[in-house]
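What follows is one structure encoded as structure tokens, with my remarks underneath.
The values are calculated or read from the model by the stated rules, or taken from the named source; none is laboratory data. Every value quoted in this text rests on a predicted model; they were computed, and no experiment measured them. Cβ placement follows ideal geometry from the backbone for every residue including glycine, while neighbour counts extend to all protein chains displayed. Accessible surface is based on the protein model in full, side chains and every heavy atom, while ligands, DNA and RNA are left aside. Shrake-Rupley method; radii C 1.70, N 1.55, O 1.52, S 1.80 Å.
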Amino acid sequence: MTDPILSVSHLSKRFGEHEVLTDISFEVQQGDVVSIIGASGSGKSTLLRCVNFLEQPSGGAVFFHGRDADTQWSRAEYHAKVGMVFQSFNLFGNMSVLDNCAKPQQLVLKRSKAQAQAQALAYLDKVGMAPYRDARPSQLSGGQKQRVAIARALAMDPEVLLFDEPTSALDPEMVGEVLGVMRQLARSGLTMLVVTHEMAFARDVSSRVLFMDGGLIVEDGPPQQLFVSPQQPRTREFLRRVLEK
């Protein structure tokens, strides 16, 4: 097996006396789609934020291409290589769709305006948002905003893309359009780490699924094993609750 593109080793996170993550370890190979599932408050989003250093871990380490992501990569370089798509879109309201996707490239990657806009338009086209290049975020639906946010992340040429519950802020009829884009990205071979409550996506698209409970990874396995014959009682109970809804 090749070396992992991303490796999380004995990661922990405390807020005061409260330990939110405990001794988290897993590896992600290039091209993997790893879904992280679990009940609200299980530590899923905190884990993703620690992997991207939006939260500083209390212990342990994250390695990207075998190098310590905290000490051997600059933050700007690491965030360009390991991008993130948030549930709340995080678009700049005073910029057009095109500028939202082009300006970060100019600032971080030092691309020319022409280069950045060409790259932005290519990815806006890929997610079906090129016709809205001149619109402001306030003129878009939630699903459209999230597709712009995905295009913005892709325009930075990331090697890994982290998704933090990308459909949770959307109306139900808009969830499908965003999941459709994510399925397309998975088929293209992009390495993805996805915190999601969309069980069908986790089951059908993932190469691996991590089930978290109480700040721990309780079970880690291929979706056909984890969804069909989970090994741990806590996994079985969680799936029974969510799949019966």
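Structure above, values below:
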{"item": "Selection count where residues are farther than 21 Å from Val33 by Cβ, surrounded by fewer than 20 Cβ atoms within 10 Å (Cβ to Cβ) and in contact (Cβ under 8 Å) with a residue 24 or more places away in the chain, scope the stretch 138-169", "result": "5"}
{"item": "Any chance Ser35 is touching a residue at least 40 places away in the same chain (Cβ under 8 Å), under 23 Å from Arg234 (Cβ atoms), open to solvent by less than 10 Å² (accessible area, probe 1.4 Å) and part of a loop (DSSP other than H, G, I, E, B)", "result": "no"}
{"item": "Any chance Val51 is among the aliphatic types (A, V, I, L, M), farther than 19 Å from Val205 by Cβ and open to solvent by less than 30 Å² (accessible area, probe 1.4 Å)", "result": "yes"}
{"item": "Leu121, sole failed condition from (1) hydrophobic (A, V, I, L, M, F, W, C); (2) more than 16 Å from Leu154 (Cα to Cα); (3) in a helix (DSSP H, G or I)", "result": "(2)"}
{"item": "Subset of the stretch 183-218 [open to solvent by less than 10 Å² (accessible area, probe 1.4 Å), of a type outside the set (Phe, Trp, Tyr) and not in a helix (DSSP H, G or I)]", "result": "Thr191, Met192, Leu193, Val194, Val195, Thr196, Val209, Leu210, Met212, Gly215"}
{"item": "Top-ranked residue of the stretch 57-86 - restricted to ones that are assigned to a loop (DSSP other than H, G, I, E, B) and in contact (Cβ under 8 Å) with a residue 12 or more places away in the chain, ranked as surrounded by the fewest Cβ atoms within 10 Å (Cβ to Cβ)", "result": "Gly66"}
{"item": "Subset tally (residues that are within 15 Å of the chain's Cα centre (by Cα) and at positive phi) for the stretch 39-67", "result": "2"}
{"item": "Selection status of Leu98, part of a helix (DSSP H, G or I), out of contact with any His (no Cβ under 9 Å at 6 or more places or on another chain) and within 30 Å of Met129 (Cβ to Cβ)", "result": "yes"}
{"item": "Gln115 being surrounded by fewer than 17 Cβ atoms within 10 Å (Cβ to Cβ) and either assigned to a loop (DSSP other than H, G, I, E, B) or not small (Gly, Ala, Ser) (or both)", "result": "yes"}
{"item": "Residue identified as open to solvent by 30 Å² or more (accessible area, probe 1.4 Å) and without any contact (Cβ under 8 Å) to a residue 12 or more places away in the chain among Pro233, Pro222", "result": "Pro233"}
{"item": "Counted residues, the stretch 1-16 - those being among the hydroxyl-bearing types (Ser, Thr, Tyr) and open to solvent by 30 Å² or more (accessible area, probe 1.4 Å)", "result": "2"}
